[in-house]
Amino acid sequence: MSTMLVRSTSERAKQICEHETEALLARTPASALLYERAVQSLPLGVASSFQAWKPYPLYVARGQGSHVWDVDGTEYVDMHGGFGANVVGHAHPKVVEAITRAAATGTHFAAPTEITVRFAEELCRRFRLDLVRFANSGTEATADAIRLARAATGRDTVCKIEGSYHGHHDAVMFSVVPNSDSMGGRERPARTPMSMGIPADAADHVRVVPFNDAAALESMFVDHAPEIACLIMEPVMMNIGLIPPLPGYLEKVRELCTRFGIVLIFDEVKSGVTIAAGGATELYGVQPDLVCVAKAIAGGVPTAAFGGRADLMEMIGNGVAQLGTYNGNPLVSAAGVATLTEVLTPDAYLYLELLGDRLDAGCRQVIEHYDLPAHVVDLGAKGCVSYRREPLTNYRDFLECHVELFAASWPWLVNRGIFMTPGDEEQWTVSVQHTTEDVDRYIEAFADFAEALTV
């Protein structure tokens, strides 16, 4: 596509965005009213800032199977997936049964239960972990893992990947999809804080390197290894679209961390049990020292876990504190065991692969037919269209995406019954309850959008 044609497409995208947003607002008066009520008790009218959208978000009333309904009564195919948590879909009978049974016999004791042990055993099996501990969110899991790494090494600095998100605790709230004008050169990725309220000296304990660049990582370790406790990374980068590791990259990361005595932490909050039964750890065959999981491991019920090598995990109770009143409570444990042993079975992963292949092929055909400056990535239950012709390899590539195309695609798809995440840094999530008809509906809406862009 020529530069002139790209410019024309961008202008057309802005027109589509304006028209489709007007249509979206016109048909969602109940969401508008609920937003006016919500801002009286919730900042931005939402429970988490990731849910916000201007001028107001869509408020969801219920979900069933692969579909959701908003408060205006409109039905959608759910490709949002609760930011990737709902790989089982909505109200899956096995999960509902497990939650109902747990609710009837006690949701919380703050004492050990057999179902919690079963949940831990299944996570250890899937991710080849010696021991695990539970938490209540991905943020808690990554915070606990980093504390453990610091204790084990006697070092304070955290090394992370440029642009990655690992939760909202101070140690990792740096270089998280920052604005391009705040970024340094490739040799010095910015350590820009994501939020106000973070102590200024917290940046002294953070080092940042690009994804898919083993040479940059080795250089960082050569210069700063004596201060670096851990490298925390998504083995598949998933907060700027979806970026798989280049061949050999994770293996080299593993070798470097071992050589320099640095704890390797895989943040599999998004990739865990979504791209394979044992997440990226299984898919790529590279074993980190610690793994953090959350989101999809319990069928949409909030829980998290981290685990890994016994010598690290056994420091808990021997100098390292890891606490939480609700950790591994019987309600979430029952949902987790049902999710992992009854729903996300080997047959389920074959089905998710079938749906993903169909979605990938359909989107690729549309992109090629209309010569869009875009590409599609598919991994298990996860995937996305990123509006850059060449596949992304790191955060800097993400900065080259045509944001105006995504901005137009979101209201277009939503207005045609496809519920999507509201940011171009997110992905779609298909569930075991999605059908080929659901997938084809997405492809059809995407094709219509591509045609509208290029008329």
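Measuring with a 1.4 angstrom probe and ignoring ligands and nucleic acids, ASP156 comes out at about 90 Å² accessible.
Residues LYS160, LYS54, LYS252, LYS270, sorted by accessible area with the largest first, give LYS54, LYS252, LYS270, LYS160 [1.4 Å probe; ligands and nucleic acids excluded]. Computed from the C-beta positions of GLU97 and SER49, the FRET efficiency with R₀ = 45 Å rounds to 0.85.
Accessible surface for the chain, divided over its residues, is 42 Å² per residue with a 1.4 Å probe. Panel values: the range 228-286, Kirkwood radius from alpha carbon pairs, Stokes-Einstein at 37 °C and 0.692 mPa s, translational diffusion coefficient 278 µm²/s. Computed with every protein chain present, the accessible area of THR153 is close to 40 Å² [probe 1.4 Å]. For the range 359-406, the set of GluC sites (Glu not before Pro) satisfying both a DSSP loop assignment and a count of at most 16 other C-beta atoms within 10 Å is given as GLU400. Could you calculate, for the range 293-344, the ratio of the Cα radius of gyration to the Kirkwood radius, expressed as Rg to Rh? For the range 293-344, the value is 1.04.
The values are calculated or read from the model by the stated rules, or taken from the named source; none is laboratory data. The structure displayed is predicted, hence computed values, not measured ones. Here the Cβ is made from the backbone with ideal geometry for all residues, glycine too, and neighbour counts use every protein chain on show. Surface areas here come from the heavy atoms of the whole protein model, side chains and all, with no ligands, DNA or RNA. Shrake-Rupley method; radii C 1.70, N 1.55, O 1.52, S 1.80 Å.
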